[in-house]
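Here's the structure we're looking at; comments come further down.
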Amino acid sequence: MDPVEALEDIAFLLERSLAPTYRVRAFRTAARTLRELGPNEVRERAVAGTLERLKGVGPKTAQVAREALAGDVPEYLRTLREEADREPADRAGGELRALLRGDCHLHSDWSDGGSPIEEMGRTAAALGHEWAVLTDHSPRLTVARGLSAGRLTEQLDVVAELNETWAPFRLLTGIECDILEDGSLDQEPELLERLDVVVVSVHSKLRMDARSMTRRMVAAVRDPHSDILGHCTGRLITGRGRPESRFDADEVFAACAETGTAVEINSRPERLDPPRRLLRQAVEAGVLFSVDTDAHAPGQLDWQILGCARAEECGVPPGRVVTTWSLDELLAWTRHRATPAGVASGEGGTRTGPRGEEGPS
């Protein structure tokens with residue numbers, strides 16, 4: 001098999017299993033080095049035993065390349081595939097996953113992701129997505145290298161250039177925008193207006209009192225630039241964990257239904273947010289949903305099945321999941337709050353203000 005493909009498959013499986021970043025990086029770096037070198041020189045160096053002399057290629061990654069060039073599935077890749085095959089066979093979420101056309105929440109190494117934009121986009125396309133949305137962090141989240149207005153503007157040009165070669169797949173422009181303490185959004189309104197999709201999330205002061213948090217979240221989802229409310233409780237359910245933020249879910253979800261702001265079903269294994277009781281409450285409130293990975297590495301783009309399983313379990317109607325929509329349908333919604341035929345009245349909301357004239361429900 002192709003040695004670059006083998007190295008990338010290993011990195012993908014390691015990312016999917018939340019392996020340490022340094023281990024993943026070794027295989028991603030080696031794959032990039034060999035891709036730039038070209039297949040002929042890679043083969044010549046493998047025969048000469050000089051692969052390890054290349055910067056970014058170590059003994060383990062060189063061995064993978066040699067085994068692939070010999071026509072074998074590298075032993076380490078075979079082991080990782082066997083481990084993945086031993087995972088519990090759980091078909092939950094499969095029906096909804098088959099309907100998905102995109103992912104509205106993913107990060108690159110421009111903020112706190114681990115891979116370049118190009119790798120994230122290529123992997124999304126390889127997984128069968130018609131579109132995906134790049135949503136790196138906003139400037140106030142300095143720990144995640146949030147993008148200043150200048151860096152975000154630069155990123156828009158990079159995405160446009162990549163899209164010239166990716167058709168029919170399309171990488172949409174976006175942001176995961178911090179909801180500040182007063183409910184305002186952490187980026188210039190003029191720049192938010194240029195983006196295809198805006199995910200808004202709380203990342204700070206997660207333990208503020210319920211009344212204040214409710215006001216904060218409602219103000220954010222009512223902002224005309226907001227499209228998706230990300231990981232609404234902020235909880236973490238693995239490791240040391242983190243409790244849910246406290247807020248009036250009835251009031252927040254009512255605001256989402258009224259404005260047509262979708263509630264994210266976050267598929268990260270350590271988040272799985274919102275909890276089932278709130279997800280069922282959101283279904284009753286009539287909101288739209290977005291099943292997203294919040295991926296910070298290419299292999300994590302395969303986590304969407306986890307969100308799909310929770311959506312099916314809690315009775316989320318597939319038609320109200322914006323990640324099942326076509327590109328044109330998604331953009332009609334983010335720009336004008338127009339929803340596809342068959343989405344019941346009152347579930348799409350209306351949009352007024354800077355991002356477009358009021359649109360139909």
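Residue under question is residue 251, and the condition is that it be assigned to a helix (DSSP H, G or I) and without any contact (Cβ under 8 Å) to a residue 12 or more places away in the chain; does it hold?
no
Does at least one position in the range 201-210 carry a residue that is open to solvent by less than 40 Å² (accessible area, probe 1.4 Å), of a type in the set (Ser, Thr, Tyr) and touching a residue at least 12 places away in the same chain (Cβ under 8 Å)? Steps first, answer last, please.
First, pick out the residues of the range 201-210 that are open to solvent by less than 40 Å² (accessible area, probe 1.4 Å): 201-202, 206, 208, 210.
Now narrow it down to the ones that are of a type in the set (Ser, Thr, Tyr): 201.
With the extra rule that they be touching a residue at least 12 places away in the same chain (Cβ under 8 Å), the set shrinks to 201.
Scanning the range 201-210 turns up at least one residue that is open to solvent by less than 40 Å² (accessible area, probe 1.4 Å), of a type in the set (Ser, Thr, Tyr) and touching a residue at least 12 places away in the same chain (Cβ under 8 Å).
Yes or no: the range 245-259 includes at least one residue that is in contact with a His (Cβ under 7 Å, 6 or more places away or on another chain) and open to solvent by 10 Å² or more (accessible area, probe 1.4 Å).
The answer is no; no qualifying residue exists.
Counting only residues that are acidic (Asp, Glu) and not in a loop (DSSP other than H, G, I, E, B), which one in the range 115-147 is surrounded by the most Cβ atoms within 10 Å (Cβ to Cβ)?
Applying the filter and picking the extreme gives 119.
Just for helices (runs of 4 or more DSSP H) wholly inside the range 1-108: which have at least 3 residues that are touching a strand residue (DSSP E or B) at 6+ places or on another chain (Cβ under 9 Å)? Give the derivation first.
Numbers: elements: 3-16, 21-37, 39-48, 59-69, 75-85, 94-99.
Once the helices (runs of 4 or more DSSP H) in the range 1-108 are filtered for at least 3 residues that are touching a strand residue (DSSP E or B) at 6+ places or on another chain (Cβ under 9 Å), what remains is 94-99.
Filter the range 121-130 down to residues that are without any contact (Cβ under 8 Å) to a residue 12 or more places away in the chain and of a type in the set (A, V, I, L, M), then give me how many there are.
Number of matching residues: 1.
Looking at (1) surrounded by fewer than 24 Cβ atoms within 10 Å (Cβ to Cβ); (2) in contact with a Phe, Trp or Tyr (Cβ under 6 Å, 6 or more places away or on another chain); (3) not basic (Lys, Arg), which is the one condition that is false for residue 164?
Failed condition: (2).
Could you check how many residues of the range 30-53 are open to solvent by 30 Å² or more (accessible area, probe 1.4 Å) and over 30 Å from the mean Cα position of the chain (by Cα)?
Qualifying residue count for the region: 12.
Mind telling me which of the residues 101, 170, 97 ends up being open to solvent by less than 60 Å² (accessible area, probe 1.4 Å) and either over 28 Å from residue 221 (Cα atoms) or among the basic types (Lys, Arg) (or both)?
Answer to the check: 97.
If you go through the range 166-193 one residue at a time, how many are under 18 Å from the mean Cα position of the chain (by Cα) and over 25 Å from residue 325 (Cβ atoms)?
Residues in the range 166-193 being under 18 Å from the mean Cα position of the chain (by Cα) and over 25 Å from residue 325 (Cβ atoms): 1 in total.
Note down all Cβ pairs under 9 Å where the first residue falls in the range 1-21 and is in contact (Cβ under 8 Å) with a residue 24 or more places away in the chain and open to solvent by 60 Å² or more (accessible area, probe 1.4 Å), the second is of a type in the set (Phe, Trp, Tyr) and not in a loop (DSSP other than H, G, I, E, B), and they're at least six residues apart or on different chains.
16/303
Among the residues that make up the range 226-240, is at least one of them farther than 18 Å from residue 306 by Cβ, free of Cβ contacts under 8 Å to residues at least 24 places away in the same chain, open to solvent by 10 Å² or more (accessible area, probe 1.4 Å) and outside any helix (DSSP H, G or I)?
yes
Can we say residue 112 is farther than 18 Å from residue 326 by Cβ, out of contact with any Cys (no Cβ under 9 Å at 6 or more places or on another chain) and open to solvent by 80 Å² or more (accessible area, probe 1.4 Å)?
Here the answer is no, as residue 112 does not meet what is asked.
Take residue 149 and tell me if it is over 13 Å from the mean Cα position of the chain (by Cα), of a type in the set (A, V, I, L, M, F, W, C) and more than 25 Å from residue 305 (Cβ to Cβ).
yes
When you go through (1) without any contact (Cβ under 8 Å) to a residue 60 or more places away in the chain; (2) under 26 Å from residue 180 (Cα atoms); (3) of a type in the set (D, E, K, R) one by one for residue 118, which number turns out not to apply?
Here residue 118 meets the rest and fails (2).
Let's see how each residue does on (1) of a type in the set (Asp, Glu); (2) farther than 14 Å from residue 218 by Cα; (3) not in a strand (DSSP E or B):
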residue	(1), (2), (3)
247	no, no, yes
256	no, no, yes
263	no, no, no
268	no, yes, yes
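The values are calculated or read from the model by the stated rules, or taken from the named source; none is laboratory data. Everything numeric in this text was worked out from a predicted model, so none of it was measured. FYI the Cβ positions are ideal-geometry reconstructions off the backbone, even for glycines, and counts take in every protein chain you see. Note: areas computed on protein heavy atoms with side chains; ligands, DNA, RNA excluded. Shrake-Rupley method; radii C 1.70, N 1.55, O 1.52, S 1.80 Å.
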